[in-house]
Amino acid sequence: MTWVSEFRALEDDCRRAPSAHNTQPWVLRYGDDSVDVHWDPSRALPDSDPTRRDLFLSLGAFVETCLIVAADAGLPVRASVSVDRASLRAARLVPDSAVYETPFTLASVRQRGCARGGYAPGTLDTATLAALAGLGADLRQLPSRSLVKPLAAADRWMFGTPAVVAELREWMRLSPKHPRYRLDGLTDRAMAMSRVEASGLAAMIGPRAYRVTRRLGGPALLAAASKGLLRYDGSVLVLVGSAVTPEEVIEHGRALVRVWLALSERGLAVHPLSQLLDCTATGTRLAERLGLAPDEAPLAVFRTGRPLQPPVRSARIPSA
Ligand SMILES: Cc1cc2nc3c(=O)[nH]c(=O)nc-3n(C[C@H](O)[C@H](O)[C@H](O)COP(=O)(O)O)c2cc1C
């Protein structure tokens, strides 16, 4: 048995990597002595993610997850990150002389998940911050309450932008009857919505109703629903970095999943709030507030803390 076939048997665990809207954009192509990580353009989010920041962060999270899963199985594998836009290849996994050094295990990969319900009050302690500092991510902490208004503005922008809503509609699975409920996208359960909330959202952003609700204040109403999300004394972390090339963004995605795994191992969950960055006005203000240099940008924003309910296990497409 070659390392490639051994690795192939682990693909379902690699697929536990997080991705924006749970699109799972990765495609693995197996060679004799290498595994190429490509992406499927039909799983990108051209309107919500026009710069492809989230696409490449997600691919980075996937690459790092592959390395952790391989390391746990004792397979010496490393990643060569190099984006080829013609063949849509993000990276190549190749044999290495030693097993990838990581503090994370298969168990951490399987356990990690986002939690979008309530969080217990409390900010990250210094020991946790110190542990995160060693993971290769530049993280800035903000009090959750300080982002209540920006989040409301970003949500109004998100729910008021037809193309972004169309992508949400495409990837939301608001009823267990949805044919792809167990495969991909954002389920009502993962979004911590009650059946009534999920039906209400489906009714408001349905293609025909949205044309009317959008003009009648629907976006403000939907934004109001998430107002309470940050109204507690909690932590929001912002991942900051230079992200000029897609390779750089992939490296930040690798660091991002390391941070999420480290938090998860401490019983702390994350809830990304990418709309704060996707909305140009709130993204620009956030960068100003953090005093970022011209070559730096906020790349990911997420609240983190002790969730009142454990993360819901999200759907994944099984390996072929
Ligand atoms: C780059 C990136 C951006 C994300 N942005 C958001 C977001 O704005 N809101 C959100 O609720 N989840 C966001 N997520 C989380 C994904 O929706 C989540 O990873 C996916 O649904 C799979 O669920 P899991 O992480 O619980 O396994 C993001 C994830 C990544 C990797």
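The values are calculated or read from the model by the stated rules, or taken from the named source; none is laboratory data. Because the structure is a prediction, the values reported are computed rather than measured. When we count neighbours, we look across all protein chains shown, and the Cβ atoms used for this are built from the backbone with ideal geometry, even at glycine.
Structural remarks
- The residue pairs whose first member lies in the range 174-187 and is outside any loop (DSSP other than H, G, I, E, B), whose second member is basic (K, R) and within 16 Å of the ligand (Cβ to nearest atom), and whose beta carbons are closer than 8 Å, counting only pairs six or more residues apart or on different chains, are L186/R173; T187/R173.
- Here A224 qualifies as modelled with pLDDT under 90 and at negative phi.
- Pick from the range 209-237, criterion loosely packed, with under 13 Cβ neighbours inside 10 Å and of a type in the set (A, V, I, L, M, F, W, C), ranking: nearest to Q141 (Cα to Cα): L216
- Residue, surrounded by the fewest Cβ atoms within 10 Å (Cβ to Cβ), within the range 81-90, restricted to residues that are within 22 Å of the chain's Cα centre (by Cα) and assigned to a strand (DSSP E or B): S82
- In the range 281-291, the condition of being in contact (Cβ under 8 Å) with a residue 24 or more places away in the chain, under 26 Å from A152 (Cα atoms), assigned to a loop (DSSP other than H, G, I, E, B) and small (G, A, S) is met by no residue.
- Enumeration of residues in the range 10-36 that are closer than 20 Å to L75 by Cα and within 15 Å of the ligand (Cβ to nearest atom): D12, D13, C14, R15, R16, A17
- Selection of first residues in the range 233-261 that are closer than 15 Å to A79 by Cα and of second residues that are part of a helix (DSSP H, G or I) and basic (K, R), restricted to Cβ pairs under 8 Å at least 6 apart or on distinct chains, gives the following pairs, ordered by first then second residue: V249/R53.
- Any hit, the range 200-216, residues being in a helix (DSSP H, G or I) and touching a residue at least 60 places away in the same chain (Cβ under 8 Å): no
- Condition met for E248 (farther than 25 Å from R145 by Cα, of a type in the set (D, E) and in a helix (DSSP H, G or I)): yes
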